[in-house]
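Remarks on the structure that follows.
The values are calculated or read from the model by the stated rules, or taken from the named source; none is laboratory data. Keep in mind it's a predicted model, so treat the numbers as computed, not measured. Using ideal geometry, Cβ is built from the backbone for each residue, glycine included, and neighbour counts are taken over all protein chains shown.
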Amino acid sequence: MNKVFREITWPVVAVLAAFVVGGIIVLLIGDNPFVTFYHLIGNSFGSLNDIGYTLFIATPLIFTGLAVAVAFRCGLLNIGAEGQLYIAAFATAWVGIKFGGTVVTIFGKQEDWSWYSLPSILLILVCVLTAVIAGGIWGAIPGILKARFGSHEVINTIMLNFIGISLVSYFTQYYFKIPGDPILQTAEIGKGAHIPRISQYIPGMPDFVPLSVAFLLAILMCVLVYIFLWKTKWGYELRAVGENASAAEYGGISPKKQIIIAMTISGGLAGMVAIGEVLGYRYRYYDGFSDGWGFLGIAVALLGRNHPLGIFIAAIFFAVLKRGEIFVDIETKYVSKDLVEVLQAIIIIFVASLQKFTRK
Amino acid sequence: MGDILTPTFLLILLFSSIRLATPLIFAALGGMFSERAGVINIALEGLMLTGAFTAAVATYELSNPYIGFLCGVAAGAFVALIFAIAVIKFEADQVVAGFAVSLLMLGLPAVISSRIYDSAGSTQQIAKEFLLPDFYNRISIASILAFALIPVCWYVLYKTPFGLRIRAAGENPEAADAAGVNVIKLRYVAVIMSGVLAAAGGAYLSIGQSSLFTRGMTAGRGYIALAALILAKWKPIPVLFACLFFGFTEALAIQMQGVIKMPSGEDVPVQFIQMIPYVLTIIVLAGFIGLSRAPKALGVPYRKEN
């Protein structure tokens with residue numbers, strides 16, 4: 001019990017400290033911190049509509065938080081979730097078009113862009129696998145580079161973010177955009193690839209709330225990641241490398257292999273963001289869709305102490321802030337929505353700085 | 001292809017390389033002091049953004065690029081101090097804290113500039129006469145400063161007691177401590193120096209190369225500077241060549257735009273041009289990292305034994 005208390009205390013202290021610093025910034029800018037924070041967190045749970053939106057935003061954060069945590073447990077910092085989820089989202093849309101029977105209308109003429117039209121269940125399955133595999137491959141690259149050449153995963157993942165985002169933007173612009181469409185986005189995926197929205201099952205939740213069953217998958221992944229990390233031999237080996245690589249190697253575990261495995265799983269989890277985004281929300285790849293979900297995953301994982309339960313709670317917390325930023329923009333006189341990014345950075349700094357006390 | 005390799009083209013390429021290498025040189029030299037003293041500096045990106053934003057605002061408000069430059073540098077020192085407190089006093093994970101500083105400097109300038117200029121994306125345009133001057137329209141005063149700093153940093157690092165202590169703090173802090181060196185204090189100084197230098201590089205971006213600050217305008221240059229530092233094996237003179245190399249690739253990428261055609265006869269898409277420096281960074285790191293050796297105590301917090 002004492003241990004649980006300690007695990008919870010410091011993240012809470014870090015958040016409170018960040019709000020104090022954030023409040024001072026708001027004050028210096030010339031707004032009332034209490035009013036600002038009220039708008040930031042007061043619009044998240046008032047109605048089914050609000051709850052739906054908050055959980056919708058939490059969904060990608062759970063995936064990226066888990067992604068960062070799995071890498072963290074192996075002693076790696078995956079700053080590349082952003083690139084991984086972009087690659088995955090594009091790949092998923094591509095499969096959804098190619099195997100979803102997509103027919104586009106170009107200046108009044110119909111053109112079949114698909115190769116094949118899979119039945120719905122199969123199509124969804126293939127799309128989900130694509131998301132995981134595409135993200136996994138993009139995550140594996142820095143893992144292999146680290147294992148093979150020893151080059152630092154932080155620099156490589158950042159570089160791969162730039163490369164991945166440019167790459168999918170290129171493919172979208174030149175090959176998968178409907179000619180004449182002013183927006184940089186692909187054509188729509190086949191109807192069969194759409195996953196159900198939660199509003200179908202909950203009376204009173206408006207249809208336009210984009211919360212989909214991807215949220216349930218995110219909860220399932222929390223459970224699976226927990227079982228993997230703490231109840232299986234593979235998870236034990238992965239954590240052993242994170243705790244002490246040379247001791248693990250002495251015990252017969254190959255750190256290089258674990259690094260590649262951890263980064264691949266991490267990339268696959270980040271790739272799952274594509275499921276909610278492409279199959280459950282926009283039904284296409286939309287350039288620049290991510291609001292920094294990959295980077296926010298780092299804050300989620302740190303605040304959640306790299307534990308799936310903590311990550312779930314931290315993801316909801318950051319989703320509340322993300323949901324609130326637009327209200328801060330509208331309702332306050334001077335504070336812009338970028339305040340959330342500032343708070344997020346300050347929370348990371350405080351959590352990292354207070355970690356010292358949790359080790360004792 | 002043959003007709004573009006004229007003397008004029010090569011000269012343009014050379015000056016362009018120097019211009020693009022300049023911010024990298026500042027940042028990499030900053031990173032060198034911090035890392036030679038034992039502190040990993042992923043924060044370089046954020047420190048560059050700090051310098052870029054502060055210099056742009058100060059230059060616009062005061063109409064003087066030199067004061068603007070100094071303001072940027074001072075802000076860099078201040079943010080570096082916060083980073084130093086987190087990683088030295090509180091022993092925060094250096095990579096995590098450094099990344100957080102970079103993240104902070106994506107958001108904070110936007111919050112401030114949307115307050116003072118009603119625009120979160122960028123600051124106000126600075127008139128040309130108030131920018132850092134170029135000589136012969138080619139070489140910026142900041143480039144000259146960057147090149148001059150290379151021998152200065154070499155001298156400081158290898159020929160002064162201060163440099164010796166910095167190197168000792170990064171290689172063997174226990175022994176340095178036993179010899180009477182205040183490792184903690186040295187690391188603070190080294191990290192603050194990195195803030196000063198990286199911010200200078202950022203300031204050049206906003207008030208030299210460009211004429212305003214735009215959100216995230218460093219576009220990963222802080223991380224590329226770090227890659228250059230690793231490629232240069234944490235040594236000042238090779239830092240110059242590593243940065244020139246990265247500057248050259250970026251210059252080549254820009255000059256290639258619209259010149260080199262795809263097999264189909266179309267221009268090479270801009271996305272591929274933009275990717276070149278990032279791809280190259282990965283390749284260079286993979287190819288050369290085995291040959292370079294990091295300071296021994298890099299990334300390890302130092303705790304004084306009683």
Margin query: Taking the condition of being within 7 Å of chain B (Cβ to nearest Cβ) and not in a helix (DSSP H, G or I), how many residues in segment A:149-173 meet it?
Written below: 2
Item checked: helices (runs of 4 or more DSSP H) lying entirely in segment A:257-360 (those with 2 or more residues that are away from every other protein chain (no Cβ under 14 Å)) -> A:308-331
Notebook entry, point to check: Any idea which residue in segment B:111-140 is farthest from the other protein chains (Cβ to nearest Cβ), counting only those that are in contact (Cβ under 8 Å) with a residue 12 or more places away in the chain and part of a helix (DSSP H, G or I)?
Noted result: B:K128
Item checked: Which listed residue, of B:A92, B:A169, B:A97, is at the interface with another protein chain (Cβ under 9 Å from one of its Cβ atoms) and either over 18 Å from B:A198 (Cα atoms) or in a loop (DSSP other than H, G, I, E, B) (or both) -> B:A92
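Does A:A140 count as surrounded by 24 or more Cβ atoms within 10 Å (Cβ to Cβ), touching a residue at least 24 places away in the same chain (Cβ under 8 Å) and under 18 Å from the mean Cα position of the chain (by Cα)?
No; evaluated as a whole, the condition is false for this residue.
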Note to self: Testing A:P182 on (1) away from every other protein chain (no Cβ under 14 Å); (2) buried (at least 20 other Cβ atoms within 10 Å of the Cβ), one condition comes back false. Which one is that?
What the structure shows: (2)
Next item on the list: Working carefully through the options B:V156, B:V181, find the one that is over 30 Å from A:I29 (Cα atoms) and assigned to a loop (DSSP other than H, G, I, E, B).
Entry: B:V181
Margin query: Just to check your reading of the model, which residue among A:V328, A:V273 is at pLDDT below 95 and of a type in the set (A, V, I, L, M)?
Written below: A:V328
Item checked: Residues satisfying the stated conditions in segment A:58-79, i.e. under 12 Å from the mean Cα position of the chain (by Cα) and either among the basic types (K, R) or modelled with pLDDT of 95 or more (or both) -> A:A58, A:T59, A:P60, A:L61, A:I62, A:F63, A:T64, A:G65, A:L66, A:A67, A:V68, A:A69
Item checked: Odd one out for A:F350 among (1) at pLDDT 90 or above; (2) within 25 Å of A:M221 (Cβ to Cβ) -> (2)
Check: Across segment B:32-64, what is the total count of residues that are surrounded by fewer than 24 Cβ atoms within 10 Å (Cβ to Cβ) and outside any helix (DSSP H, G or I)?
Finding: 3
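From the list B:I67, B:I85, which residue is part of a helix (DSSP H, G or I), without any contact (Cβ under 8 Å) to a residue 60 or more places away in the chain and within 29 Å of B:I141 (Cα to Cα)?
Details: B:I85 fails: within 29 Å of B:I141 (Cα to Cα).
B:I67 is the lone residue from the list that is part of a helix (DSSP H, G or I), without any contact (Cβ under 8 Å) to a residue 60 or more places away in the chain and within 29 Å of B:I141 (Cα to Cα).
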Note to self: Residue under question is B:L104, and the condition is that it be touching a residue at least 24 places away in the same chain (Cβ under 8 Å) and at the interface with another protein chain (Cβ under 8 Å from one of its Cβ atoms); does it hold?
What the structure shows: yes
Note to self: Looking at (1) of a type in the set (G, A, S); (2) over 29 Å from A:V103 (Cβ atoms); (3) touching a Ser or Thr at 6+ places or on another chain (Cβ under 9 Å), which one does A:A274 not meet, given that it meets all the others?
What the structure shows: (2)
